[in-house]
1. Within the group SER119, SER63, SER125, which residue is in a loop (DSSP other than H, G, I, E, B), over 12 Å from PHE152 (Cα atoms) and either out of contact with any helix residue (DSSP H, G or I) (no Cβ under 8 Å at 6 or more places or on another chain) or modelled with pLDDT of 95 or more (or both)?
2. Would you be able to tell me the number of residues in segment 96-134 that are charged (D, E, K, R), touching a strand residue (DSSP E or B) at 6+ places or on another chain (Cβ under 9 Å) and surrounded by 14 or more Cβ atoms within 10 Å (Cβ to Cβ)?
3. Six or more apart or on different chains, Cβ atoms under 6 Å: show the pairs whose first residue is in segment 196-223 and in contact (Cβ under 8 Å) with a residue 12 or more places away in the chain and whose second is assigned to a helix (DSSP H, G or I).
4. ALA202 passes all but one of (1) open to solvent by 60 Å² or more (accessible area, probe 1.4 Å); (2) farther than 19 Å from THR89 by Cα; (3) in contact with a helix residue (DSSP H, G or I) (Cβ under 7 Å, 6 or more places away or on another chain); which number fails?
5. Which of the residues that make up segment 169-196 are of a type in the set (Ser, Thr, Tyr) and open to solvent by 20 Å² or more (accessible area, probe 1.4 Å)?
6. Kindly establish whether LEU232 is under 14 Å from PHE152 (Cβ atoms) and at pLDDT 95 or above.
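The values are calculated or read from the model by the stated rules, or taken from the named source; none is laboratory data. Source: prediction; values computed, not measured. Here the Cβ positions follow ideal geometry from the backbone for every residue, glycine too, while neighbour counts run over all protein chains shown. Remember, those area values only see protein heavy atoms, side chains included, never the ligands or the DNA or RNA. Shrake-Rupley method; radii C 1.70, N 1.55, O 1.52, S 1.80 Å.
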Amino acid sequence: MKKILSFICACSMVFAVTACGSQGSVPDPGTTAPTTVPAFSQETGKEVQQTEPLQSVSGENASVMEETGKEEGSDILVAYFSATGTTKTLAGYISEVTGGDLYEIVPEILYSSEDLNYSDNNSRSTKEQNDEGARPVISGSVEDMDQYETIFLGYPIWWGEAPRIIDTFMESYDFSGKTIVPFCTSGGSGIGSSARNLHDLAASDVTWLDGERLSSDISHEEMVSWIDGLSLDGIVR
């Protein structure tokens, strides 16, 4: 009888230990926890939060995870302002070639067709371009500018210069130690003095590369050739 009671007690202890273990805080190794990843919306120009499953990493990315606690991201940003969509399209091409993140510089008050009427001396854009101190407000901001080492900066040419909202962008961040590559679109005018004037707004230790006017019908091969010619670090294809 004593042997039977001992056996029953032993079984009860095993069951209790098993039950406690199944209710503990140790996560199931076969499941993945969601992680919030920053992304940029091309439609709004604002950062959006999207949830993706946490995936395993190996090799170089694994060492980055151990040192920083997060997966390695892009160190290239393609920031652009586009009023009619031309610059936006080219910025997308640059992002594809370089693997850089896209950020659209969106004005808090959007430009209407009347605002962009350069034949009207009283239009909003004309008044802004004639006022060197004009700084249109930007809706949203780059979430973590510090992570980017190279910034492609795109804009249309308005009255021979970059739109004043690009001045706002340049004065909103510290670009110390970064490399900036300006590019522009226009109906025919070159980049002119626009890039030089923007350079004056940047930190003294910024690396400022020569600007380039890109044609709206530039081919993929021509885009790749231009970017390759910049000899930038971190672009791997």
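1. SER119
2. 3
3. LEU198/MET170; LEU201/MET170; TRP208/HIS199; GLY211/ALA195; LEU214/LEU90; SER216/THR86; MET223/TYR93; MET223/VAL97
4. Of everything listed in (1) open to solvent by 60 Å² or more (accessible area, probe 1.4 Å); (2) farther than 19 Å from THR89 by Cα; (3) in contact with a helix residue (DSSP H, G or I) (Cβ under 7 Å, 6 or more places away or on another chain), ALA202 misses just condition (1).
5. Once the filter is applied, which keeps residues that are of a type in the set (Ser, Thr, Tyr) and open to solvent by 20 Å² or more (accessible area, probe 1.4 Å), segment 169-196 yields SER172, TYR173, SER176, THR179, SER186, SER189, SER193.
6. no
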